[in-house]
Amino acid sequence: MQPRVLIVTSEAVPLIKTGGLADVITALALALRAAGVEATVMMPGYATALEHAWNLQPASLDMEFPGGPGRLLCGVMPGMGVPVVLVDTARFRARTANPYVDDSGNEFTDNALCFADLAHAALAVCAGKTSVEPPHVVHANDWHTGLIPALLKLHGLEHIGTMLTIHNIAFQGNFDINLAPKLGIPESMLGADGMEYWGKLSFLKAGITYADRVTTVSESYAREILTPEFGFGMEDALNLRKKDLSAIVNGIDTEVWDPADDQLIARHFSVDCMKGKGICKRDLQTLFGLIPTDPFAPIMGIGSRMSHQKMVDVVLDAVPAMLERHSRLQIVVLGKGEHEYEQGFLELADHFRGRIGVHIGYDERRAHALHAGSDMLLHPSRFEPFGLTPLYAMRYGAMPIASRVGGLIDSIIDAGKSGDPPQEATGVLFDGETAQEMLAAVDRALEIQSNASNWQRIQDNIMRADFGWDGPTANYIEAYAAISGTGSKRLFDRAKQASDHHRQQFDSLPDYHFA
Ligand code: ADP
Ligand code: GLC
C-alpha cells in the first residue's frame, strides 16, 4: 500500500492556469508519484477542465453541496499518469474563461459558494462517500481550499492530516459572515480564534487556524508574512501558528522548461551550445514586431500577470526613460490582467513602435519564446511568495532583474553595485518601488551585459542553477509523514527513503553535457 495524498487546488496545468500555482501543483503531483506517493489532484470542474481531462468517469452519486447539486468525476491529467478528481457543479461549469473574475474584472458573486462546494467535495472523499479512496493527508492550497481542515475536524476526521500551503497571502477569500450556515460552518468556528477576520468569514484564515501544518513557498516569504508589511492582516493568525508554520520551497518543471528540448521555441540551445539562442532572439523580435531585428540589441522581457503585485504601474512609468537612456534596448511584454495596465502597455507600444512589442493575452508559446529570446527578464514585485518566472528565464539564459522580496531573495544572487559582480552572481536585485530605483537596476543589468566575460559567467551560472523538484518532494513527504497517523507515517517514511535515495543517485551523476 502506498501513502495517499489528496492535493486540493483551484488550478493545475494543463487544465487551467492563471499563475504559478497551476504549474506547481502538477509538477508536485508528478514528483510525488515518482517517489511512490499516490498523489491525486482534486479541483473544480471548470468548463476547460471537463473538456481536457482524460477518461472522466463518475466517482460519486449526485450530492448536495452548499451551492447546489453536484457530483465528482475521476480521470487523469492529459498526457500524464496523475489522477484528477473534478467537482462537477453548474456553477463551476459556468466559469468558461477566468475562474475568479468576470469579463469586466469583477469577482464572481458566488465565489464563496463555489469554493465551499470544493471543500465539501473533499470532505465527502475523506469520509469515504465516493469511489475515490480516502487519503492519509489532504494538502490544501491557497484560500480556495481553506475550509477543508475545519470541515474535517468538524466531522470527526482528525485522523486525516491536513496541510495548508499559502502561495499568495494577498488573496484571502473574505466573505459575508452571514453566509456561514449556508456554507456548513457552525457559530462555534466564527470567533476571532476561528475564521472571523474583521467581521468577515475568511477562507484563508480558516485554513491557517485549523490546518495541522501551514507552509509557504520560500524561506524569506515565511518570515515576511509574520510581519504587518507583508502579512496582509493575517500576521496575528500566523504568529499564533508559528510553531506549525514553515517553508517548503517550490521547484520548477525542468522538462517543460528546457531550452534543449522545448517544442515551443525556434531553435534548441544549451549552456554548452548557445548558438540557438540567437535564432530564438530573432524569432522573438519578429513575433513582437521589434525593429530592427538586430542580433546585438539587448532584449528585456517582461512576462507576468498585470497586477499591482507585479509593480506594473512603476514599469509603465519607467519604460520611456529606459528606452531613452539605452538607445539599442528593445522590450517585449507578455501579460494579462487589470485593464488600465493593459491599456498602458498598448499605448507605449503605439508610442515607441518597433522598440517595445506588447502582447496582451495568455499565451504559452509566447511565454517560452520570451525567455528563449530575451537577454534579461524584468520581474519587479511588491511581494513575491516564490516567483517561478525568473527561474524559467534563468534556464533559458535570460538574467533576472527583480525586486529584493520573498522568494526572489532566496533564488537570485545579486550582482551587486560595483562593476565587478561576484563569482556566483545570477541576477540584479533592487529595493524600492519607484521608477528611479527600477531604472538604476536596469542600468546595472545593461552594464553587466556590456562586459563579455561578466556576462558569460552570469549566463553560465543561471543556466546551471538547480531548481528541480527532488529536494522539495522529499521535504513534502517528510511534512506529510509528520501530520499523518502512525500507520500512514510509516508509509510516508518509506516513500521518503525512496525519494532520498533517488536524490542521492541524481546528485552523484556527473554534470550533464549536451552534444
Ligand atoms: P504568479 O503565480 O504570482 O503569477 P509566478 O512567476 O510564480 O507568479 O508564475 C507565473 C506563471 O504564469 C508562469 O508560469 C508564467 O509563465 C505564467 N504566465 C503569466 N502570465 C502569462 C501570460 N500572459 N502568458 C503565458 N504565461 C503567463
Ligand atoms: C503565487 C505567487 C508566486 C508563486 C506561485 C506558486 O501565485 O504569487 O510567487 O511562485 O504562487 O507557488
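Quick rundown of the values:
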{"item": "Segment residue 52-residue 158, extension gain: residue separation times 0.36 nm, minus the distance between their alpha carbons", "result": "34.7 nm"}
{"item": "Among 380-386, 175-181, 420-426, the order from most to least packed when residues are scored by Cβ within 10 Å on average", "result": "380-386, 420-426, 175-181"}
{"item": "Angle in degrees between helix 20-34 and the longest Cα principal axis of the chain, rounded to the nearest 10", "result": "70 degrees"}
{"item": "Dipole-positive endmost among 189, 239, 268 within the chain (Cβ charges, Cα centre)", "result": "268"}
{"item": "Listed peptides 303-316, 237-250, 321-334 by packing density, highest first (mean Cβ within 10 Å)", "result": "303-316, 321-334, 237-250"}
{"item": "Per-selection metrics, the stretch 1-133 (Cα): Rg and Dmax in Å", "result": "14.1, 49"}
{"item": "Contact order relative to length of the chain, as percent, for alpha carbon pairs under 8 angstrom and 6 or more apart", "result": "13 percent"}
{"item": "Relative contact order [Cα under 8 Å, 6+ residues apart], the stretch 205-261, whole percent", "result": "40 percent"}
{"item": "Label-point separation, residue 227 to residue 129 (7 Å along Cα→Cβ), nm", "result": "4.5 nm"}
{"item": "Rounded D (µm²/s) - the stretch 4-251, Kirkwood Rh over Cα pairs, Stokes-Einstein at 37 °C, 0.692 mPa s", "result": "184 µm²/s"}
{"item": "Karplus 3J(HN,Hα) series, Hz, for the stretch 126-142 with 6.51 cos²θ - 1.76 cosθ + 1.60 (x for Gly, Pro)", "result": "5, 7, x, 8, 10, 7, 7, 5, x, x, 7, 9, 9, 10, 8, 10, 6"}
{"item": "Calculated FRET efficiency for the pair residue 274/residue 239, C-beta based, R₀ 45 Å, to 0.05", "result": "0.40"}
{"item": "Radius 13 Å from Cβ of residue 7, net charge of other residues (Lys, Arg +1; Asp, Glu -1)", "result": "-1"}
{"item": "Taking the convex hull of Cα positions in the chain, its mean projected area over all directions (nm²)", "result": "22.9 nm²"}
{"item": "Between the stretch 343-358 and the stretch 251-299, the Cα center-to-center distance that results, in Å", "result": "22 Å"}
{"item": "Ranked packing of 367-376, 285-294, most packed first, by mean Cβ within 10 Å", "result": "367-376, 285-294"}
{"item": "For the stretch 263-362, average projected area of the Cα convex hull in nm²", "result": "6.8 nm²"}
{"item": "Label zone at residue 18, where the point sits 7 Å out along the Cα-to-Cβ direction: the stretch 333-356 residues whose backbone N lies under 12 Å", "result": "337-338"}
{"item": "Lys, Arg +1 and Asp, Glu -1 on Cβ, resulting dipole of the chain about Cα centre, debye, nearest 20", "result": "760 debye"}
{"item": "Pair-distance profile P(r), taking every C-alpha pair of the stretch 135-245, with 5 angstrom steps and integer %", "result": "2, 13, 25, 27, 19, 10, 4, 0"}
{"item": "Shape metrics for the stretch 275-464, restricted to C-alpha atoms - Rg then Dmax, Å", "result": "14.8, 42"}
{"item": "Kirkwood Rh, Cα atoms: Rg over Rh of the stretch 249-315", "result": "1.04"}
{"item": "Volume of the Cα convex hull of the stretch 207-290, divided per residue and given in Å³", "result": "171 Å³"}
{"item": "Whole-angstrom Cα spans of the stretch 309-422 along principal axes, big to small", "result": "39, 29, 25"}
{"item": "On Cα atoms only, tilt of 470-483 relative to the major axis of the chain in degrees", "result": "20 degrees"}
{"item": "Where labels lie 7 Å past Cα in the beta-carbon direction, separation of residue 96 and residue 296 in nm", "result": "5.2 nm"}
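Read-outs throughout are calculated quantities, based only on the coordinates presented, and are distinct from any laboratory measurement. Predicted model only: the values in this text are computed from it and were never measured. All Cβ positions, even for glycine, are placed from backbone atoms using ideal geometry, and neighbour counts span all protein chains on display.
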